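Reviewing the structure listed below.
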Amino acid sequence: MNKIEQVLLEKISSLHKIPAGAVNIRSNGEVVKRTSTSEIEIVPKKDKSGIDVFVKPNVVGKSVHIPVLVTVGGFDDVVYNDFYIAENCDITIVAGCGIHNSTCNTSTHNGIHCFHISKNSKVKYFESHVGEGEGSGGKVLNPITKIYMENGSQMLMETIQIEGVSSTIRKTFASLKDNAKLSISEKLLTTDFQTAKTQFDVNLLGENSSVEVKSRSVAKNYSMQEFKSNIVGKNQCFGHVECDGIVLDEARIISTPKIDAVDNNASLIHEAAIGKIAGEELTKLMTLGLTKQQAEEMIIQGFLMG
């Protein structure tokens, strides 16, 4: 990989080099590296772009890295990745996409990921999105995530987008069976005239299933964000949605949380708070010698990473 690709890879996956283990790295639509192991097999799809990842039963403490890099302008990339996690596993999946665009033409990556998580398995899924490059061309990322959770399974999903993405539409769909637990954390920063829309649709089908969605976002300059969630409880279950946002300058955040207790034993909660940085917080930091801009950045970083 060249220097630009190496920098992007580090930003989205915290990788300084290609890791050992199960790996699938794509750059500009081509496979840079693909490696399977005795426990995790990565198979290219025959009918379309993408891979099938098969994790054998009882695999614990292993990871899969599947980053995507785009470094040319005017590139339109679509990839379909399916993950089949057998029973009693505990694995980590690191994904994400970085776009470096130095042209006036828009580059796009659409990643459609589908997770099939078997009984009593645990999955930690991390996805980072980054846009960079001096060109005026757009850096567009539109991920779709589908999650199917069997009895007693667990999934932690963390998504981060805090740099340079011109436009994004993120859609997440999930269905949970008995005792399944899903935790979703979203961290989002938009600047300039960037736009970001996120939508979470979760069906709590099983008894004692639960979901927690936490979104923290900051909108600056003239950017706009829209958050939507729809949690449906169809059994004795628990759902909690929390959306917190900070707006600066002329930016705008729209939050629309929806809950639907189809079963009267469903316990569903939604919270939303959008506002500006408190003046007293800025004043306190500025008395320590920070400029207003420095104080704002410190508060924003603490808010997003807290």
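Taking 8 Å as the Cα distance limit and 6 or more residues as the minimum spacing, I'd like the relative contact order of the chain as a percentage.
10
Multiply the residue gap between residue 30 and residue 276 by 0.36 nm, knock off their C-alpha separation, and tell me the result in nm, one decimal place.
Gain on extension, residue 30 to residue 276, equals 84.2 nm.
How big is the stretch 151-197 by Rg and Dmax over its Cα atoms, in Å?
Gyration radius and largest Cα-Cα distance of the stretch 151-197: 14.3, 44 Å.
Using every alpha carbon pair in the stretch 180-258, what percent of pairs falls into each 5 Å bin from 0 up to the bin containing the largest distance?
With 5 Å bins starting at 0, P(r) equals 4, 16, 26, 17, 14, 9, 7, 4, 2, 0.
Which residues among the stretch 35-75 fall inside the zone where the amide N is under 20 Å from a point 7 Å beyond the Cα of residue 136, along Cα→Cβ?
From the stretch 35-75, the list is 72-75.
Can you work out the accessible area per residue across the chain, with the rest of the protein chains kept in place, probe 1.4 Å, in square angstrom?
Per residue, the chain has an accessible area of 46 Å².
How much of the DSSP bridge set in the chain is antiparallel, in percent, rounded to the nearest 5?
Here the share of antiparallel DSSP bridges comes out near 5 percent.
Within the stretch 39-71, which residues have the backbone N less than 13 Å from the label spot 7 Å out from residue 105 along Cα→beta-carbon, could you tell me?
Answer for this model: 71.
Mind giving me the nanometre distance, one decimal, between the label points for residue 78 and residue 60, set 7 Å out from Cα along Cα→Cβ?
Going by the 7 Å Cα→Cβ label model, 4.1 nm.
How large, in percent, is the carbon and sulfur part of the accessible surface of the chain at a probe radius of 1.4 Å?
Taking all protein chains in place, the chain shows 48 percent carbon and sulfur surface.
I'd like the FRET efficiency for residue 252 and residue 148, computed as 1/(1 + (r/R0)^6) with the beta carbon distance as r and R0 of 35 Å, rounded to 0.05.
Efficiency for this residue pair is about 0.50.
Residue 298 to residue 52: FRET efficiency via 1/(1 + (r/R0)^6), r the Cβ-Cβ distance, R0 30 Å, to the nearest 0.05?
With a Förster radius of 30 Å, E is 0.10.
Restricting attention to the alpha-carbon atoms of the stretch 1-66, what are Rg (one decimal) and Dmax (integer), both in Å?
Rg and Dmax of the stretch 1-66, Cα atoms, are 12.8, 38 Å.
Give the whole-number value, in cubic angstrom per residue, of the convex hull volume spanned by the C-alpha atoms of the chain.
In the chain, the Cα hull volume divided by residue count equals 134 Å³.
Calculate, in nm to one decimal, what residue 288 and residue 305 gain on full extension: separation in residues at 0.36 nm each, minus their alpha carbon distance.
Computed gain between residue 288 and residue 305 is 3.9 nm.
The values are calculated or read from the model by the stated rules, or taken from the named source; none is laboratory data. Values in this document were obtained by computation on a predicted structure and should not be read as measured data. All Cβ positions, even for glycine, are placed from backbone atoms using ideal geometry, and neighbour counts span all protein chains on display. To get the accessible areas, we keep the full protein, side chains included, count just its heavy atoms, and leave off ligands, DNA and RNA. Shrake-Rupley method; radii C 1.70, N 1.55, O 1.52, S 1.80 Å.
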